[in-house]
1. Among the numbered criteria (1) touching a helix residue (DSSP H, G or I) at 6+ places or on another chain (Cβ under 7 Å); (2) more than 17 Å from S480 (Cβ to Cβ), which one does L375 miss?
2. Looking at (1) of a type outside the set (A, V, I, L, M); (2) under 19 Å from R306 (Cα atoms); (3) surrounded by fewer than 18 Cβ atoms within 10 Å (Cβ to Cβ); (4) at pLDDT 85 or above, find the lone condition where P564 falls short.
3. Counting only residues that are touching a residue at least 24 places away in the same chain (Cβ under 8 Å) and in a helix (DSSP H, G or I), which one in segment 502-516 is nearest to L483 (Cα to Cα)?
4. Please indicate, with yes or no, whether at least one residue in segment 493-501 is in contact (Cβ under 8 Å) with a residue 40 or more places away in the chain, outside any loop (DSSP other than H, G, I, E, B) and over 29 Å from K315 (Cα atoms).
5. Condition test on G398, is it modelled with pLDDT of 90 or more and more than 16 Å from ligand 2 (Cβ to nearest atom)?
6. Scan segment 372-389 and tell me whether some residue there is closer than 30 Å to Y492 by Cβ, assigned to a helix (DSSP H, G or I) and more than 16 Å from ligand 2 (Cβ to nearest atom).
7. Using the structure shown, decide if R246 is away from ligand 2 (no atom under 16 Å from the Cβ), within 27 Å of R59 (Cβ to Cβ) and touching a His at 6+ places or on another chain (Cβ under 6 Å).
8. Within segment 559-613, restricting attention to residues that are β-branched (V, I, T) and under 11 Å from L549 (Cβ atoms), which residue is farthest from ligand 1 (Cβ to nearest atom)?
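The values are calculated or read from the model by the stated rules, or taken from the named source; none is laboratory data. Everything numeric here is computed off the predicted structure, so don't read it as measured data. Cβ placement follows ideal geometry from the backbone for every residue including glycine, while neighbour counts extend to all protein chains displayed.
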Amino acid sequence: MSDTLTEAHAALRRWFGYESFRGDQAAVIEHVASGGDAVVLMPTGGGKSLCYQIPSLLREGTGVVVSPLIALMHDQVEALLRTGIRAAFLNSSQGSAERADVEQRYLAGELDLLYVAPERLNTESTLSLLGRGRIALFAIDEAHCVSQWGHDFRPDYLALGALAERWPDVPRIALTATATRATHQEITARLGLGNARHFVASFDRPNIQYRIASKAEVKAQLLDFIRTETASAGHPIAGIVYALSRATTEKVAAYLAQHGIDAVPYHAGLDAATRRRTQDRFLREDGVVVVATIAFGMGIDKPDVRFVAHVDLPKSVEGYYQETGRAGRDGEPATAWLAYGLADVVQQRRMIDESPGDLAFRRRLSAHLDAMLALCETITCRRQNVLAYFGQDSAPCGNCDTCLEPPTSWDGTVPVQKLLSTVVRLQRERNQRFGAGQLIDILRGSKTARIEQQRHHELATFGIGADLSDLQWRAVVRQSIALGLLTPTGEYGVLTLTDASGSVLSGERQVLLRHEPERRGRSSGGGGRKQSPAASDLAPDALARFEALRTWRTGEAREQAVPPYVVFSDATLRALAAANPGSIDQLDGISGIGQVKRERYGAALVDLLGGGL
Ligand code: ADP
Ligand code: ZN
């Protein structure tokens with residue numbers, strides 16, 4: 001082992017109380033600590049922070065961390081201070097006295113880490129301040145913000161390329177959880193990281209279970225899902241529910257609250273104070289569910305979010321992966337649940353049609369939606385599907401709904417032909433286009449007022465699909481759209497043929513459809529759900545200790561006005577509950593207890609556990 005690596009291990013143990021590095025961490029740290037530049041692509045929860053925190057501790061001077069997430073800097077710095085690391089931040093939320101104090105400590109060489117907002121770093125006064133002190137390295141967090149085509153573009157990031165010219169000898173490390181090749185290339189080019197070493201981790205998040213359900217009564221399905229997850233955890237759990245519109249977030253939150261879930265809405269229409277309060281409650285209290293538009297969660301690095309649910313279809317696989325990635329950052333079991341239905345597809349197509357961009361832009365949106373639909377309708381492993389989208393090969397995972405309860409496929413060629421030929425007939429014989437509802441009524445031979453009025457019972461395809469239920473037909477329509485055999489257009493989502501429809505109509509192409517399980521929504525939930533750590537591998541007496549430790553942690557966190565995980569993570573509490581140390585010495589080897597925390601909390605923990613729990 002090189003000297004640098006030996007020192008890195010010692011730092012990991014001393015400051016963070018962890019036994020070993022994960023994945024690429026050791027390689028990144030060794031490279032950067034030795035003065036090299038790095039580009040690090042690692043999924044959320046992969047452990048990016050240590051990749052720049054430890055080199056900052058090992059190198060002389062202060063590690064300067066650029067982060068766009070001002071709201072988080074405070075908690076990040078608090079968490080570091082509690083491990084004994086000398087950290088501070090500079091951003092617009094500060095008063096001038098506080099700022100002057102931070103600047104002075106930086107110049108005196110008293111800071112290991114300094115977090116700086118990008119807009120501040122781009123001012124000459126900050127640059128010249130940094131120049132007067134000693135910089136250990138630059139870490140550019142959330143580096144995908146430099147990508148103009150990505151969804152989080154921040155103009156302030158573009159200027160960060162200049163750091164290379166001003167400080168050619170200071171190592172720079174760019175980090176992101178956004179995986180696509182295009183973003184990776186843009187980061188490298190724009191941040192002047194041509195000589196950097198690239199570390200691309202697997203994007204797999206094995207602890208997250210992916211589930212995609214078809215939508216029936218979505219609020220009831222969601223409630224059922226949350227109740228099942230809560231029951232398996234044994235206590236209220238924190239989660240995020242994403243919806244597209246503000247109105248939906250309000251409605252869903254109210255519904256959940258009525259049914260006993262501690263749920264609150266969050267969207268850009270709420271005033272800043274309310275949003276701030278919701279965010280604080282989510283971070284600091286146990287078991288709060290936030291029902292939000294996608295603006296929520298960007299950079300909320302709460303490690304113990306146990307589920308992320310989507311009640312509307314995400315617009316892209318990238319977005320879906322980023323949002324679901326906010327679950328289970330602590331590595332403990334978590335669930336990503338999505339409900340989607342025909343109306344989602346129709347709505348999203350309409351939004352694309354009506355979007356103001358040019359044709360190329362709309363095509364890109366369309367391609368994103370198609371990939372998302374393919375994921376929803378796949379009869380193979382969900383995880384394999386997502387990872388393939390990011391260019392990574394993998395085997396079936398055993399921890400997604402299709403792996404756990406393999407869907408059967410059925411030959412849907414004939415029903416799809418019936419559906420397509422109904423579209424053809426309406427178009428040719430009547431010059432009409434209709435949406436899914438009317439097509440299904442025609443196929444099932446329903447005598448509705450609209451059928452009579454349009455004389456649709458005179459069509460040759462009227463009633464030829466009576467063998468399938470309304471629900472089954474909706475699945476056929478939805479999957480036909482996902483397969484690109486039909487496309488909804490216009491305000492009413494009228495269905496039209498595509499270039500691919502012909503081969504099905506002519507019988508050249510067979511269509512395999514995903515079987516719709518009859519059991520839906522109100523079932524007891526996931527067959528092979530991995531139980532939460534609290535309920536699974538702890539014996540009953542250890543479970544009682546775990547709960548007692550949680551209660552103690554809540555009190556500590558409240559007293560110090562920090563989120564509970566800043567005190568200890570769930571994983572550490574679980575290890576404590578299992579090991580049941582009877583003395584301070586026996587705290588050795590429990591993951592997450594570094595020197596400072598051991599001194600600070602050791603006696604209290606031993607007291608609490610020794611109390612005969
Ligand atoms: P990211 O920024 O990549 O999302 P973080 O740096 O926040 O991830 O790390 C996620 C969680 O994993 C944190 O709770 C962190 O303390 C923990 N962690 C990181 N590296 C290790 C390690 N080597 N051993 C144990 N826990 C780790
Ligand atoms: Zn799988």
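1. Result: L375 fails condition (2) only.
2. (3)
3. Step by step, filter segment 502-516, then rank; the result is V504.
4. From segment 493-501, those in contact (Cβ under 8 Å) with a residue 40 or more places away in the chain are 493-497, 501; that's our starting set.
If we keep only those that are outside any loop (DSSP other than H, G, I, E, B) too, we end up with 494-497, 501.
Subset that is over 29 Å from K315 (Cα atoms): none.
Scanning segment 493-501 turns up no residue that is in contact (Cβ under 8 Å) with a residue 40 or more places away in the chain, outside any loop (DSSP other than H, G, I, E, B) and over 29 Å from K315 (Cα atoms).
5. No; evaluated as a whole, the condition is false for this residue.
6. Yes, segment 372-389 has at least one match.
7. On the way: away from ligand 2 (no atom under 16 Å from the Cβ): yes; within 27 Å of R59 (Cβ to Cβ): no; touching a His at 6+ places or on another chain (Cβ under 6 Å): yes.
Taking the combined requirement at face value, the residue does not satisfy it.
8. At the first step, the residues of segment 559-613 found to be β-branched (V, I, T) are 562, 566-567, 572, 584, 590, 593, 596, 606.
Narrowing the set further to residues that are under 11 Å from L549 (Cβ atoms) leaves 567, 572.
Working: V567: 12, T572: 9 Å.
Ranking the candidates gives V567 first.
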